[in-house]
Every structure is written in C-alpha cells, then in structure tokens.
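Comments concern the structure below.
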Amino acid sequence: MLEGKALIEDTDMPEKMQIQAMSSASQALDLYDVLDCKSIAAHIKKEFDRRYGGGWQCVVGSNFGCFFTHRKGTFIYFTLETLNFLIFTWASSPSSSP
C-alpha cells in the first residue's frame, strides 16, 4: 500500500464507504502504473460494483473537468499522490446534483 495520505476535497459518502474508496485507490496504485489511469479507474469501479452493487462510475486523472448528477450518499472526490479520484453512482433526477 502507498504511504501517501488521501486528501478528501468533497464527499457525501458515509465514512466507511469513504475509507473503502481511498483503500481501493491505494490498491489500484500498487497494481498499476500511475500513468495508467484507465486501469486504475476500472479497478476501483469493479471493486465498488462488487461491494455495493452495479452502477458505479470512476474518473481518475491529474486534470479533468466534470458535471454530473449523483445519487445522494454516493459521491467522493479526493486526491492521492499525484492523481484525483471521482467516484459516484448516477441519479435519475437532477434533484440530487452535487
């Protein structure tokens, strides 16, 4: 596991799920090259789908913009090492936007 500490920028996830998100990110960084953002994101998405059911989305990179609607209680945006991580599930109505 990486020794770096994650910095949570924004979240509405329960604390236990936040810890899982950062742990999954750390595991992925141990398994894949830091430049292989697609594989890192896929690893995290598959882990969240397995643990919490399908429909999770994961974006990983050092520079990206986004605008999305998410289901309440399923959003986290954090930084670990040199990468930013965005994990969420989608919401079917715009009333749940971040």
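Examine segment 30-37 for a residue that is within 13 Å of the chain's Cα centre (by Cα), open to solvent by less than 70 Å² (accessible area, probe 1.4 Å), at pLDDT 95 or above and of a type in the set (D, E, K, R), and state whether such a residue exists. Step through it out loud before you land on a result.
Applying the first criterion (within 13 Å of the chain's Cα centre (by Cα)) to segment 30-37 yields 37.
From what is left, the residues that are open to solvent by less than 70 Å² (accessible area, probe 1.4 Å) are 37.
So of that shortlist, the ones also at pLDDT 95 or above come out as 37.
In the following step, the residues that additionally are of a type in the set (D, E, K, R) were identified as none.
The answer is no; no qualifying residue exists.
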Identify, from the list Phe85, Phe67, Phe48, the residue that is of a type outside the set (Lys, Arg), part of a helix (DSSP H, G or I) and either in contact (Cβ under 8 Å) with a residue 12 or more places away in the chain or open to solvent by 50 Å² or more (accessible area, probe 1.4 Å) (or both).
Phe48
Taking the condition of being open to solvent by less than 30 Å² (accessible area, probe 1.4 Å) and at pLDDT 95 or above, how many residues in segment 51-64 meet it?
4
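The values are calculated or read from the model by the stated rules, or taken from the named source; none is laboratory data. Every value quoted in this text rests on a predicted model; they were computed, and no experiment measured them. A quick note on method: Cβ atoms are made from the backbone with ideal geometry, for glycine too, and the neighbour counts reach across all protein chains shown. Just so you know, the surface numbers come from the protein's heavy atoms only, side chains and all, with ligands and any DNA or RNA stripped out. Shrake-Rupley method; radii C 1.70, N 1.55, O 1.52, S 1.80 Å.
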